[in-house]
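The values are calculated or read from the model by the stated rules, or taken from the named source; none is laboratory data. Bear in mind that the values here come from a model prediction, so they are computed numbers and not experimental data. FYI the Cβ positions are ideal-geometry reconstructions off the backbone, even for glycines, and counts take in every protein chain you see.
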Amino acid sequence: MRPESPFVFFDVRTSDADGSRRFFGELLGWQTSGPLLTDGGAPWGGLTELAPDDDRTPQWLPYAPVSDVDSAAAKAVSLGGKIVRERTDLPFGSLVVVTDPGGAALVLFQSAEKPLS
């Protein structure tokens, strides 16, 4: 079952992707397909395994939809946030990872799909 939220995707960054897949599947009945969390075959999240030498804390990283990722990133900085991963362009969209003034991370995501008018 896909959780309802204002986010378009979630990335679970974990030191044990197989353990996380099993945990969430048994706890909440979530389906997976490889590294993806799915609902009826449609992906809504992913499991990213942190490298053994990666000192980042395992975390959930939500993807918030924006219409202009560059403007949203600039606004985040103007509001006291920080850019922790510069713009990355992928076939399905562009993203920038920011943190709020308290250090909580969020992915600003601009879909490559054109919005319906």
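Figures for the structure shown
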{"read-out": "Residue 48 touching a Pro at 6+ places or on another chain (Cβ under 8 Å), in contact (Cβ under 8 Å) with a residue 12 or more places away in the chain and surrounded by 12 or more Cβ atoms within 10 Å (Cβ to Cβ)", "value": "yes"}
{"read-out": "Residue 27 vs. criteria outside any strand (DSSP E or B) and either under 13 Å from the mean Cα position of the chain (by Cα) or modelled with pLDDT of 95 or more (or both)", "value": "yes"}
{"read-out": "Residue match in the stretch 78-101 (condition: of a type in the set (A, V, I, L, M) and out of contact with any strand residue (DSSP E or B) (no Cβ under 6 Å at 6 or more places or on another chain))", "value": "yes"}
{"read-out": "Members of the stretch 55-78 found to be over 18 Å from the mean Cα position of the chain (by Cα) and in the same structural domain as residue 6 (by TED's automatic domain parsing), listed by number", "value": "55"}
{"read-out": "Residue in the stretch 1-29 that is surrounded by the fewest Cβ atoms within 10 Å (Cβ to Cβ), counting only those that are more than 21 Å from residue 95 (Cβ to Cβ) and touching a residue at least 12 places away in the same chain (Cβ under 8 Å)", "value": "29"}
{"read-out": "Those residues of the stretch 79-114 which are at negative phi, small (Gly, Ala, Ser) and part of a strand (DSSP E or B), in sequence order", "value": "94, 105, 111"}
{"read-out": "Subset of the stretch 66-112 [within 16 Å of residue 8 (Cα to Cα), exposed (fewer than 13 other Cβ atoms within 10 Å of the Cβ) and small (Gly, Ala, Ser)]", "value": "67, 112"}
{"read-out": "Scan of the stretch 30-45 for residues that are surrounded by 13 or more Cβ atoms within 10 Å (Cβ to Cβ), of a type in the set (A, V, I, L, M, F, W, C) and not in a loop (DSSP other than H, G, I, E, B), ordered by number", "value": "36, 37, 44"}
